[in-house]
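Trainee: One structure, pasted below without further comment.
The values are calculated or read from the model by the stated rules, or taken from the named source; none is laboratory data. Because the structure is a prediction, the values reported are computed rather than measured. A quick note on method: Cβ atoms are made from the backbone with ideal geometry, for glycine too, and the neighbour counts reach across all protein chains shown. Accessible surface areas use protein heavy atoms only, side chains included; no ligands, DNA or RNA. Shrake-Rupley method; radii C 1.70, N 1.55, O 1.52, S 1.80 Å.
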Amino acid sequence: MSTTRRTKQLAATAVAAALGVTALAGCGSSDTSDSGSGSEKSSGSKTVTLVSHDSFNASKDVLKEFTEQTGYTVKVLKSGDAGVALNQEILTKGSPRGDVFFGVDNTLLSRALGSGLFTPYAAKGIDQVASDTQLDAAEHRVTPIDTGDICVNYDKKYFADKKLAPPQSFEDLTKPAYKNLLVTENAQTSSPGLGFLLGTVATYGEKGYQDYWKKLKSNGVKVVDGWEQAYNEEFSGSAGGKKAKADRPLVVSYASSPPVEVLYAKPQPTAAPTGVATGTCFRQIEFAGLLSGAKNEAGGKALLDFLISKRFQEDMPLNMFVNPVTKGAKLPELFTKFGATVDRPTTVAPDKISKNREQWVQSWSSLVVK
Amino acid sequence: MALPVAFFALFFAYPVTAIVGRGLKADGVWQFGRIGEVLTRPDIRDVLWFTTWQALASTALTLLIALPGAYVFARFDFPGKQLLRAVVTVPFVLPTVVVGTAFLALVGRGGFMDELWGVRLDTTVWAILLAHVFFNYAVVVRTVGGLWSQLDPRQEEAARVLGAGRFAAWRRVTLPALAPAVAAAALMVFLFTFTSFGVVQILGGPGYATLEVEIYRQTAQLLALPTAAVLTLVQFAAVGAILAVHAWTVRRRETALKLVDPAQTARRPRGAAQWALLCGVLLSVLVLILLPLGVLVERSLATPGGHGLDYYRALGSVDAGGGTFLVAPLEAVWNSIQYALVATAIALVVGGLAAAALTRRTGRLVRGFDALLMLPLGVSAVTVGFGFLITLDKPPLDLRTSWILVPLAQALVGVPFVVRTMLPVLRAVDGRLREAAAVLGASPLRAWREVDLPLVRRALLVAAGFAFAVSLGEFGATVFIARPDRPTLPVAVARLLGRAGELNYGQAMALSTLLMVVCAVSLLLLERIRTDRSGEF
């Protein structure tokens, strides 16, 4: 390249170039500013902000109904997966980005409560919420919103072709008939992976679970990093798995995955392509809470009331594929027809999880991953 | 210089320092002892060791496979060359969620290698290494090939006339001229693979973790800020060292090379050996790059009732059965383009001013600033994202819930590309032309318009294109802040992949294909307006 020359006016070049592109930026931003936060802030008290994880969804109609009932408009902020979203809230404690946080589950509940994230509030209608989901019933710092079960799913076609009965329990998974069939997620990084591990701890105890995993390992369990890889790349029963010529007919997923397979197929089949091993389930309960330091506390309280109202609870299953917690909230036909009923899911108390999670995951990882 | 310094201080240095400080301070007292504690932990040492050796191996493999490619693209003329050069750059800007899926089709079960030779590499370190080649092929082809195409072949011919053998001539004439470019490319590849995140997570499986993966895990999952802070400092130190060496090699390259128009150096291949080389390179591009990309396209078209455009059509409607989005996924394309345009504008202003300042001044401080501008390429998105949250939280700068945060985060990654592209061109503008214009009575603005603009216009466009493509594909920082009603393309793909069901999977593939096409088109446009003085990327 030719020799470098110092010039006095190059800054002028850059400034002028900058002016040109600022004009461009102007057009760009005028298009996006309609959703900007500036204007909404000024009318602050009429907007209530819900902070959540990526999986939060609600239909437009139901959010509109909330506005009609209360006069508040909901603004939703999603940030990453459940763990990330919660940690961000903990970091910004006292100066929260929103008014209500939705998406703390029972595996992370103690961390959230321990950090003093929430202002206690007993939502209207809390007496109608299933009592076994009310893990903070004494103080109401959090309100249960939904439950979901992490369970082993199976590829119906594979087991029909092989004339083999699909496994039903944790114990079944260690049998020779199911060797090299199961794929699960990394308990260190994935919440279904952690849930499955906790299910085995609940079933076999704090000592026995390690032996169980030793057996599972010698029976050829495969561990991948996230749900997406496990379900879309390794599991032969999913749409993605079929395209990827996946060869594992058992995967750790959710009890609601089969209805989802039906809903998002065109044309919709008369039976789900996948089933649920109902004896392998770990129950997740998701909570919402009013953030300490919320700018719009009244709006936040109204939103919490609304989240456990029948209207929202019945809208939720088809948007987030979880079960309602409010008594009398009806499940959509898709769930009752294609979903599994989990009668006796396993569970572990939040305190116990928070005290031991690191250690359990650590031993699991040195046993199974390394 | 004030604006770029302020920009970096506010949107990079301040948030990152704050989050690191949060981890290393307890009750207002710095706890530097934690550094030693963390670094002596065996699991952390494993991570450091794996990060380093896989980056070295990836760099070596990339050079081995891509250097012949650089030669072929520089010296041979063949039909479709421009298109192919744009296409090999596409992986570089694709989000890793997508690439991981595509790559598994090459090395995974039932993949290309499995069908041909029964070889499966998924969850082995080979999958990671090959994916790194896939990602960084273009870095070598563009950095080394760009220079190679401008080296005068007559110099080598002259050496041969004077009696040197073919190899000796190459070794004495061409190699020394190329060496700094090769070193620069190698260091960039090393930087990108050292900080690799998605590739390692998806292809390596849970047995492998790089420093970047560990920082993410410690910050986002465990909220173990002290450990994350120490690891961030280690990554800083490593990246700083890489950049220092990089800056040194680049400076060496900028001296005393006589360059010619690339159009004069490229010609049709002659003789069996050259044809074989060309075919070999084309074959490796086909297998390593086109095939994984092709799989994406195929999957986006493979509907249950045979191949068709069903998934693309579905992208246009707000999903009937229950909303993954509040808007049709197709709108994510438009959102992404808007965000990327704003990010490009910011990157051009900041990067352009920085490049101008770097051209005007010299000295150690300025060189340090040069390296600092590159730092965002090597700092993990989660660190920046969490840093934003705890620093930009007070009026007038409470940007945490504002849309502007997305283009700001994207611009941080775009600026280094702008600086690196603009710098060589700006340095080459002859000041005497402008002085002459001034003597003839032109106003400074007129002088700028008549003299500088025509000279830097193409470089500016190239820089803009790169910043645009990189912004389009940025995922890590965006995922923290993208609003649900305005998801970007990579965020939309990730959301679709995060849910069961055939239609979701198909739409994810279709959206990825669209992202690929948008990137390829913007890069192809770049090829057409490429400056003769190629930048460093």
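Trainee: For B:Val297 paired with B:Leu64, estimate the spin-label separation in nm (one decimal), with each label point 7 Å from Cα along the Cα-to-Cβ line.
Mentor: So the label points at B:Val297 and B:Leu64 sit 3.0 nm apart.
Trainee: Can I ask one more? Within the set A:Lys157/A:Lys337; A:Lys124/A:Lys355; A:Lys93/A:Lys124; A:Lys242/A:Lys337, which residue pairs have Cα atoms separated by over 21 Å?
Mentor: A:Lys124/A:Lys355; A:Lys93/A:Lys124; A:Lys242/A:Lys337
Trainee: Could you check how much of the accessible area of chain A is carbon and sulfur, as a whole percent, using a 1.4 Å probe?
Mentor: Here carbon and sulfur together make up 53 percent of the probe-accessible area.
Trainee: Tell me, what is the per residue accessible area of chain A in Å², probe radius 1.4 Å?
Mentor: Roughly 39 Å² per residue, with all protein chains present.
Trainee: Separate question: So if each residue of separation counts as 0.36 nm, and I subtract the Cα-Cα distance between B:Thr40 and B:Val366, what length gain in nm does that give?
Mentor: 113.8 nm
Trainee: Sorted by average packing, counted as other Cβ atoms within 10 angstrom per residue and highest first, what order do A:105-114, A:209-218, A:47-56 take? Mind dumping the intermediate values first?
Mentor: Numbers: A:105-114: 21.2, A:209-218: 16.6, A:47-56: 23.0.
Descending packing order for the listed peptides: A:47-56, A:105-114, A:209-218.
Trainee: On the Cα set of chain A, report Rg and Dmax in Å, please.
Mentor: For chain A, the Cα-based Rg and Dmax read 24.3, 82 Å.
Trainee: With a 1.4 Å probe on protein heavy atoms only, tell me which residues of the stretch A:250-268 lose at least 20 Å² of accessible surface in the complex relative to the chain by itself.
Mentor: Those are A:Val260, A:Glu261, A:Leu263, A:Tyr264, A:Lys266, which lose 20 Å² or more relative to the chain on its own.
Trainee: Additional query: What average number of partner chain Cβ atoms lie no more than 10 Å from the Cβ of the residues making up A:53-64?
Mentor: Mean inter-chain Cβ contacts per residue within 10 Å come to 3.
Trainee: A further question on this structure: Per-residue Cβ counts within 10 Å, from other chains only, averaged over B:401-410: what number is that?
Mentor: Mean number of neighbouring Cβ atoms from other chains: 4.
Trainee: In Å², nearest 100, what accessible area do chains B and A bury in total when the solvent probe is 1.4 Å? Working shown, then result.
Mentor: Values: alone 23650 and 18460 Å², together 34090 Å².
For B against A, buried area totals roughly 8000 Å².
Trainee: Please give the length that would be gained between B:Thr52 and B:Leu3 if that part of the chain were fully extended, namely 0.36 nm times their separation in residues minus their C-alpha to C-alpha distance (nm, one decimal). Walk me through the numbers on the way to the answer.
Mentor: Values: separation 49, 0.36 × 49 = 17.64 nm, distance 3.55 nm.
That works out to 14.1 nm of additional length.
Trainee: Ok, one more. Looking at the stretch A:157-262, which GluC sites (Glu not before Pro) are in a loop (DSSP not H, G, I, E or B) and have at most 16 other Cβ atoms within 10 Å? Provide the component values of the computation, followed by the final result.
Mentor: Working: sites: A:Glu171, A:Glu185, A:Glu206, A:Glu228, A:Glu233, A:Glu234, A:Glu261; in loops: A:Glu171.
Filter output for the stretch A:157-262: A:Glu171.
Trainee: Moving to a separate point now. Answer rounded, prolate or oblate for the stretch B:384-438, using the Cα gyration tensor with square roots of eigenvalues a ≥ b ≥ c: rounded when a/c is under 1.5, else prolate when a/b is larger than b/c, else oblate.
Mentor: It is prolate, given that a/c is not under 1.5 and a/b is the larger ratio.
Trainee: If you don't mind, there's one more thing I want to ask. I'd like the FRET efficiency for A:Lys163 and A:Ser95, computed as 1/(1 + (r/R0)^6) with the beta carbon distance as r and R0 of 35 Å, rounded to 0.05. Working shown, then result.
Mentor: Details: r = 61 Å, r/R0 = 1.74.
Result of the calculation: an efficiency of 0.05.
Trainee: I would also like to ask the following. I need the trypsin sites (Lys or Arg not before Pro) found in the stretch A:264-314, filtered to DSSP loop residues with at most 12 other beta carbons within 10 Å of theirs. The partial results should precede the final answer.
Mentor: Values: sites: A:Arg283, A:Lys295, A:Lys301, A:Lys310, A:Arg311; in loops: A:Lys295.
The qualifying sites: there are none.
Trainee: Can I ask one more? Provide a whole-number value for the mean count of partner chain Cβ atoms within 10 Å of the Cβ atoms in peptide A:219-231. Please list the in-between numbers first.
Mentor: Values: counts 0, 0, 0, 2, 4, 7, 13, 7, 4, 11, 10, 0, 5.
Rounded to a whole number, the mean comes out at 5.
Trainee: If you roll a 1.4 Å probe over the stretch B:103-172 with all protein chains in place, what percent of the accessible area is carbon or sulfur?
Mentor: Using a 1.4 Å probe with all protein chains present, the stretch B:103-172 comes out at 58 percent carbon and sulfur.
Trainee: Calculate the spin-label point distance for A:Thr270 paired with A:Glu139, positioning each point 7 Å from the Cα along the beta-carbon direction, and give it in nanometres.
Mentor: 5.4
Trainee: What does the net charge come to around B:Thr101 if you take all other residues with beta carbon closer than 11 Å to its beta carbon, with K and R at +1 and D and E at -1?
Mentor: Residues near B:Thr101 contribute 0 overall.
Trainee: Here's a follow-up. Can you tell me how the protein assembly as shown classifies by the Cα gyration tensor, rounded, prolate or oblate, using a/c under 1.5 as the rounded cut? List each step's numbers first, then the result.
Mentor: Values: a/c = 1.91, a/b = 1.47, b/c = 1.29.
In terms of gyration-tensor shape, prolate.
Trainee: Please build a GNM for chain A, connecting alpha carbons under 10 Å apart, and tell me which residue among A:Pro332, A:Pro267, A:Pro176 fluctuates the most.
Mentor: Between A:Pro332, A:Pro267, A:Pro176, it is A:Pro267 that shows the largest mean-square fluctuation.
Trainee: Per-residue ellipticity at 222 nm for chain B, helices alone: DSSP H runs ≥ 4 residues times -39500 (n - 2.57), over residue total, nearest 500 deg cm²/dmol? List each step's numbers first, then the result.
Mentor: Numbers: 28 runs with 376 residues, N = 537.
Estimated from H runs of four or more residues: -22500 deg cm²/dmol.
Trainee: Then there is this: Based solely on its DSSP helices, what 222 nm [θ] is calculated for chain A when runs of n ≥ 4 H residues each add -39,500 (n - 2.57) and the sum is averaged over all residues, nearest 500 deg cm²/dmol?
Mentor: -12000 deg cm²/dmol
Trainee: In sequence order, what are the phi-derived ³J(HN,Hα) couplings for the stretch A:181-198 according to the Karplus relation 6.51 cos²θ - 1.76 cosθ + 1.60 with θ = phi - 60°, rounded to whole Hz, with x for glycine and proline?
Mentor: 9, 9, 10, 10, 9, 5, 5, 6, 10, 10, 6, x, x, 5, x, 5, 4, 5
Trainee: Distance between Cα centroids, the stretch A:295-370 to the stretch B:26-56: provide it in whole Å.
Mentor: 36
Trainee: Leaving out ligands and nucleic acids, and using a 1.4 Å probe, what accessible area per residue does the stretch B:361-453 come to in Å²?
Mentor: Using a 1.4 Å probe on heavy atoms only, each residue of the stretch B:361-453 averages 38 Å².
Trainee: Taking loop as defined by DSSP and a crowding limit of 12 other beta carbons within 10 Å, which chymotrypsin sites (Phe, Trp or Tyr not before Pro) in the stretch B:87-182 fit?
Mentor: In loop regions of the stretch B:87-182 (DSSP not H, G, I, E or B), there are no sparsely surrounded chymotrypsin sites (Phe, Trp or Tyr not before Pro).
Trainee: From the Cα gyration tensor of chain B, with a ≥ b ≥ c the square roots of its eigenvalues, which class applies: rounded if a/c is under 1.5, or else prolate if a/b is larger than b/c, or else oblate?
Mentor: rounded
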